[in-house]
Amino acid sequence: MKMKSHSGPQGGGPLRDQMLAVLGPRGIVDDPLQIESMTKSWRDSWESIPLLVVQPQSAEEVQAVVRICAALGVSLVAQGGNTGLTGAGLPSADRNEVLLSLRRMNRTRSIDLDSDTMVVEAGCILEDVRNAARAAGRLFPLLLGAQGSCTIGGNIATNAGGINALRYGPMRDLVMGLEVVLADGRLWDGLKSLRKDNAGYDLKHLFIGSEGTLGIVTAAVLKLSTLPRSSGTALVGLDNPEAGLAWFRRLRTRFSEQLTACELIERVCIDTARKHIPNVVDPLDGRYPWYVLAEIATAEERADLEGPIGEAFAAALDAGEVSDGVIASSITQSNELWRLREAIPDAQRQEGVSFKHDISVPVSKVPEFIRVANEKLSAAFPGIRSFAFGHLGDGNIHFNPLQAAGEAASLWKSRLDEANRITHDVAVALGGSITAEHGVGLLRREELSFYKPSVDLDLMRSLKRALDPYNLFNPGKVLSKWPT
Ligand code: FAD
């Protein structure tokens with residue numbers, strides 16, 4: 001990792017001196033290992049050259065950082081847990097940017113059980129927030145594979161979705177209020193916990209999903225839910241995604257909003273998870289081309305969910321929709337099934353080169369998307385191996401085909417744009433999106449310009465210009481061109 005010597009951690013310069021004066025030595029990160037963890041991305045390799053890494057511990061200190069950067073004409077990139085998958089949380093290679101880590105801002109400010117809300121700082125780790133809510137007898141429902149590292153600020157800035165979005169919605173539905181440092185250094189105090197508020201534009205939604213390009217989130221009011229007291233986990237094996245959709249329809253009709261998660265998994269994902277991740281079980285005796293893992297949960301104590309899930313399964317068997325299945329009979333067995341699902345992203349990372357797509361289409365179009373995208377990719381890339389999993393109930397599939405066996409990785413990588421175009425054309429033609437939950441960042445920036453209608457892009461540029469006229473926050477991410 002390279003550093004600018006004139007004002008980076010190894011050097012002096014007005015930037016470092018002024019930051020040191022307001023943040024103190026603990027507010028500047030010089031430890032190379034810590035810096036490496038903040039500048040290396042989880043999956044793809046994005047070059048990253050921060051001018052300086054700062055770690056303020058309060059909203060006031062974030063304001064001071066923003067004001068110093070604005071006065072010196074230095075842009076900055078906010079970062080939480082650095083688990084983002086689009087390069088949006090890393091400084092750009094060709095820019096002199098300050099990396100602003102929110103990790104020291106990790107306090108829970110308050111929990112209000114009557115309002116079912118919790119006020120937390122942006123650097124709180126998602127898993128800690130979930131545990132704190134649980135300790136208070138409530139659920140904070142956002143659940144991602146990265147929960148042990150990602151932060152609430154990052155979840156907000158990426159509008160994270162995850163496994164429970166089917167029932168509780170993505171982060172946008174879980175945030176009631178925000179506190180944000182603006183590009184001119186002012187603090188916007190939108191920490192409201194109002195279920196109803198129609199007094200003008202709902203400003204918080206501008207920042208949710210903005211990937212750090214419009215403001216720095218310093219705290220949030222989160223919406224809590226009732227803690228589920230009974231749950232049932234079922235995994236079925238089936239022939240194709242159409243059968244998966246039929247099973248989803250059956251479960252939703254029977255369980256309504258109690259259906260919390262409904263994940264589609266292609267067989268190859270299970271094989272890959274078992275190859276790379278220890279203690280991943282093969283869930284059924286036979287092998288099936290596709291699987292669906294579903295979770296049903298209710299606040300009722302000791303509710304019998306196994307009975308009704310079994311009835312739904314028997315009806316699906318009769319209808320020829322499912323081939324085999326298992327209903328977890330213990331928490332341990334349920335955890336085993338979920339471990340399988342959660343192991344897939346890491347296992348695929350270890351497996352090697354793949355084309356990654358995080359698309360969404362209307363739920364009813366998921367099978368068509370998988371079929372048509374695989375057909376078109378197979379025609380262009382003979383030997384390509386389908387690899388699809390994800391949030392069937394949200395119409396959000398992680399569609400990550402693997403390279404043909406024995407093919408050179410370099411050849412494969414050189415054709416990434418072509419594979420993306422084929423896949424995203426199919427998704428968009430079906431009324432879908434090129435990024436359902438990971439966001440745009442650098443990864444999908446050029447494609448966003450290609451696929452978004454010009455009116456959408458104009459509105460986005462207008463917002464950026466209005467909120468960040470000097471392009472201080474995360475320049476070059478999401479929008480490729482500086483708004484004119
Ligand atoms: P970072 O990576 O640090 O930053 C991400 C973006 O947010 C950047 O643009 C950054 O500038 C901005 N940002 C961070 N903090 C702030 C702040 N305080 N104010 C303003 N901007 C800020 N995503 C899903 O939606 N669903 C999943 O199921 C899912 N699973 C994942 C599984 C794994 C194993 C991994 C590694 C990632 C997964 N993700 C998933 C990606 C997801 O975007 C992140 O895990 C998470 O939401 C990012 O949080 P973070 O704190 O790590 O943010």
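What the table shows:
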read-out: Qualifying residue in the range 263-277 (condition: touching a Lys or Arg at 6+ places or on another chain (Cβ under 7 Å), at pLDDT 95 or above, surrounded by 15 or more Cβ atoms within 10 Å (Cβ to Cβ) and closer than 22 Å to residue 332 by Cβ); value: yes
read-out: Strands (runs of 3 or more DSSP E) contained in the range 65-146 and holding at least 1 residues of a type outside the set (D, E, K, R), over 30 Å from residue 14 (Cα atoms) and more than 15 Å from the ligand (Cβ to nearest atom); value: 108-112, 117-121
read-out: Residue that is exposed (fewer than 13 other Cβ atoms within 10 Å of the Cβ), hydroxyl-bearing (Ser, Thr, Tyr), more than 16 Å from the ligand (Cβ to nearest atom) and part of a helix (DSSP H, G or I), where the choices are 462, 449; value: 462
read-out: Meets criteria (within 21 Å of the chain's Cα centre (by Cα) and at pLDDT 95 or above) for residue 387; value: yes
read-out: Residues within the range 96-124 that are farther than 17 Å from residue 40 by Cα and either of a type in the set (Lys, Arg) or in contact with an Asp or Glu (Cβ under 7 Å, 6 or more places away or on another chain) (or both), tallied; value: 5
read-out: Output for the range 401-424, where each listed residue is within 19 Å of residue 348 (Cα to Cα), modelled with pLDDT under 95 and of a type in the set (S, T, N, Q); value: 403, 410
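Yes/no per residue for (1) within 16 Å of the ligand (Cβ to nearest atom); (2) under 30 Å from residue 226 (Cβ atoms); (3) surrounded by fewer than 21 Cβ atoms within 10 Å (Cβ to Cβ); (4) not hydrophobic (A, V, I, L, M, F, W, C):
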{"site": "307", "(1), (2), (3), (4)": "no, yes, yes, yes"}
{"site": "328", "(1), (2), (3), (4)": "no, yes, no, no"}
{"site": "338", "(1), (2), (3), (4)": "yes, yes, yes, no"}
{"site": "341", "(1), (2), (3), (4)": "yes, yes, no, yes"}
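To keep it simple, each residue is scored yes or no on (1) over 26 Å from residue 360 (Cβ atoms); (2) surrounded by fewer than 14 Cβ atoms within 10 Å (Cβ to Cβ); (3) of a type outside the set (A, V, I, L, M); (4) touching a residue at least 40 places away in the same chain (Cβ under 8 Å).
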{"site": "174", "(1), (2), (3), (4)": "no, no, no, yes"}
{"site": "179", "(1), (2), (3), (4)": "yes, no, yes, yes"}
{"site": "182", "(1), (2), (3), (4)": "yes, no, no, yes"}
{"site": "187", "(1), (2), (3), (4)": "yes, no, no, yes"}
{"site": "191", "(1), (2), (3), (4)": "yes, no, no, yes"}
{"site": "196", "(1), (2), (3), (4)": "yes, yes, yes, no"}
{"site": "202", "(1), (2), (3), (4)": "no, yes, yes, no"}
{"site": "207", "(1), (2), (3), (4)": "no, no, yes, yes"}
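The values are calculated or read from the model by the stated rules, or taken from the named source; none is laboratory data. A quick note: this is a predicted structure, and the numbers were derived from the prediction, not measured. Reconstructed Cβ throughout: ideal geometry from the backbone, glycine too, with neighbour counts over all protein chains shown.
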